[in-house]
Amino acid sequence: MNIELTPLAIEHVRTLVRDSGKRGLYLAVRPAGCSGLEYIMDLADAPHDGDLVQAFDGFELFVDAESYKTALDGLRLDFQRDALSSAFVYNNPNAKGACGCGESFSV
């Protein structure tokens with residue numbers, strides 16, 4: 001699977017998973033917004049049927065296989081923090097456009 005998590009993203013996900021008592025992080029896309037797709041990220045106890053699974057130190061990444069084929073192959077997930085906020089940042093080479101509010105994207 002060709003999805004990269006930066007060291008800061010790994011650290012943050014590891015903390016979220018540990019604190020929640022879950023096993024991993026689920027990642028997918030779904031139709032939504034004005035540009036077509038939005039990211040879904042949730043803590044999970046186990047993969048869904050057919051999910052792709054990648055092991056990290058302290059957690060597993062569960063990726064919806066259809067989302068991977070259509071929109072997530074090559075994704076680089078980062079975590080950024082500044083004085084006022086923190087957020088995951090999706091660097092997706094498949095994204096061809098995004099809505100003005102940044103909530104959805106197209107491939």
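The values are calculated or read from the model by the stated rules, or taken from the named source; none is laboratory data. Remember, it's a predicted structure, so these values are computed and weren't measured experimentally. All Cβ positions, glycine included, derive from the backbone under ideal geometry; neighbour counts span all protein chains shown.
Tabulated results
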| quantity | calculated |
| --- | --- |
| Those strands (runs of 3 or more DSSP E) lying entirely in the chain with at least 1 residues at pLDDT 95 or above and basic (K, R) | 76-81 |
| Among the residues listed as L5, L25, the single one being touching a residue at least 60 places away in the same chain (Cβ under 8 Å), surrounded by 14 or more Cβ atoms within 10 Å (Cβ to Cβ) and within 15 Å of Y90 (Cβ to Cβ) | L5 |
